[in-house]
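Colleague: Structure provided below as structure tokens; questions to follow.
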Amino acid sequence: MEIIPVNPRGFCKGVFKAIRLAKRAAKDNPGTQITILGQIVHNRFVVEALNQAGIKTLDEPKASRLELLNKISDGIVIFTAHGVSNAVRQEAIRRNLTVMDATCEDVLSTQQLVESASLANQTIFYIGKSQHPEANAITESYPHVFLIEKIQDIPQISADSDIFVTNQTTMSKNDIEHIIDAIIKQYPHATIAREICAATRLRQEAVEKIKDADAMIVVGDPTSNNTRMLEKIAIEHGLKHVYRIESVEQLDTSFLNRDIRIAVTAGASTPQKLTQQVIDYLRSYDFDHPADLPKVNIATLLDE
Ligand code: SF4
């Protein structure tokens, strides 16, 4: 059995920064309630590890960041790498909350592009996922933005409209190109700003470059958009067997055999230790006497 770790994989710079900021906030402010507005990254192990370190995550299905913010009365509030809407920023200032902002610079850059297009009275098409916090921050700040998840969502407006097109940073680059092609066909004069971040693009390209693997394991949370995009790209790339698992605890060993070549990658929200545990287990797999699947050690998961 051959194991092929895909590079790059795992945490991106924006996630590193957000987690480091949260840990430093806890260290520098003992006794102060620290609350992350929404999941810092879409990974339940990371949320649990921060919780064990005394850093609370406030998240409820379908609740907006503004609704969540209204439940916080004191302490330090951390904005996640996905960014927040203008209304959330203004409300935090109005209520004198102490804010630490971990919005990723790549997300901020897209927000600034949308702001400029809005000030220029352009019609804005934003390709993204409904209910994803990064997309929500845009649509809540600019309610006139058209959110496009699929080609069928492209609005039918006047052909000579001044259209600006951009996208959520963690989309599949292939999906984005299909949608952009369809937009250009309909609105040839649209201005396009492709905003898939380098971390997302490089991880997707690395999966596409894998040759001769029989299977791919994608380590990541089912709620992580960039993880699901890696899984989708691996399937589109023609890999016969693609398995997404949250950790080594979910590894199904029934497909292993002595001749198989398995590539292993991970979403940008997956801690390196989770992925390494999968790689280490597979590399030391003994077909005659397979060891039990190990457990994840949450307490040390975010140690650097
Ligand atoms: S996936 Fe990209 S945009 Fe999102 S936090 Fe990471 S680097 Fe930033």
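The values are calculated or read from the model by the stated rules, or taken from the named source; none is laboratory data. Quick caveat, the model's predicted, so the values are computed rather than measured. Cβ: placed from backbone, ideal geometry, glycine included. Neighbour counts: every protein chain shown.
Colleague: Only one of VAL15, VAL46 is at pLDDT 95 or above and outside any loop (DSSP other than H, G, I, E, B); which?
Modeller: Answer to the check: VAL46.
Colleague: Then there's this: Name the single residue that is surrounded by the most Cβ atoms within 10 Å (Cβ to Cβ) among those in the stretch 1-51 being touching an Asp or Glu at 6+ places or on another chain (Cβ under 8 Å) and small (Gly, Ala, Ser).
Modeller: Only one residue tops the list, namely GLY14.
Colleague: Answer yes or no: is there a residue in the stretch 123-134 that is surrounded by fewer than 22 Cβ atoms within 10 Å (Cβ to Cβ), in a loop (DSSP other than H, G, I, E, B) and more than 16 Å from the ligand (Cβ to nearest atom).
Modeller: Yes, the conditions are met somewhere in the stretch 123-134.
Colleague: Condition (residue is closer than 30 Å to PHE164 by Cβ, in contact (Cβ under 8 Å) with a residue 12 or more places away in the chain and charged (D, E, K, R)) applied to the stretch 211-221: is it met by at least one residue? Spell out the reasoning first.
Modeller: The first filter runs over the stretch 211-221 and keeps only residues closer than 30 Å to PHE164 by Cβ, leaving none.
No, because not a single residue in the stretch 211-221 is closer than 30 Å to PHE164 by Cβ, in contact (Cβ under 8 Å) with a residue 12 or more places away in the chain and charged (D, E, K, R).
Colleague: For the stretch 95-119, how many residues are without any contact (Cβ under 8 Å) to a residue 40 or more places away in the chain and touching a Phe, Trp or Tyr at 6+ places or on another chain (Cβ under 9 Å)? Before you say what the answer is, go through the steps one by one.
Modeller: The first filter runs over the stretch 95-119 and keeps only residues without any contact (Cβ under 8 Å) to a residue 40 or more places away in the chain, leaving 95-99, 101, 103, 108, 111-112, 115-116, 118-119.
Filter again for touching a Phe, Trp or Tyr at 6+ places or on another chain (Cβ under 9 Å), leaving 99, 101, 103, 115-116, 118.
Counting residues in the stretch 95-119 that are without any contact (Cβ under 8 Å) to a residue 40 or more places away in the chain and touching a Phe, Trp or Tyr at 6+ places or on another chain (Cβ under 9 Å) gives 6.
Colleague: Another question about this same structure. Within the stretch 168-190, how many residues turn out to be buried (at least 18 other Cβ atoms within 10 Å of the Cβ) and in a helix (DSSP H, G or I)? Before the answer, list the steps.
Modeller: Of the stretch 168-190, the ones buried (at least 18 other Cβ atoms within 10 Å of the Cβ) are 168-172, 175-176, 179-180, 183, 187.
Now drop any that are not in a helix (DSSP H, G or I), which leaves 175-176, 179-180, 183.
Qualifying residue count for the region: 5.
Colleague: Shifting gears a bit: Would you confirm, using the coordinates I've provided, whether GLU231 is under 25 Å from the mean Cα position of the chain (by Cα), farther than 17 Å from GLY10 by Cβ and within 16 Å of the ligand (Cβ to nearest atom)? Even if it seems obvious, please write down each step before you answer.
Modeller: Numbers: under 25 Å from the mean Cα position of the chain (by Cα): yes; farther than 17 Å from GLY10 by Cβ: no; within 16 Å of the ligand (Cβ to nearest atom): yes.
Considered against the rule, which asks whether it is under 25 Å from the mean Cα position of the chain (by Cα), farther than 17 Å from GLY10 by Cβ and within 16 Å of the ligand (Cβ to nearest atom), GLU231 comes out as no.
Colleague: Quick check on my filter: what residues within the stretch 256-293 are of a type outside the set (Ser, Thr, Tyr), assigned to a helix (DSSP H, G or I) and touching a residue at least 12 places away in the same chain (Cβ under 8 Å)? Give the derivation first.
Modeller: So the first thing to find is which residues in the stretch 256-293 are of a type outside the set (Ser, Thr, Tyr), and the list is 256-264, 266-268, 271-274, 276-280, 282-283, 286-293.
Okay, now just the ones that are also assigned to a helix (DSSP H, G or I), so 272-274, 276-280, 282-283.
Within the stretch 256-293, GLN272, LYS273, LEU274, GLN277, VAL278, ILE279, LEU282, ARG283 qualify.
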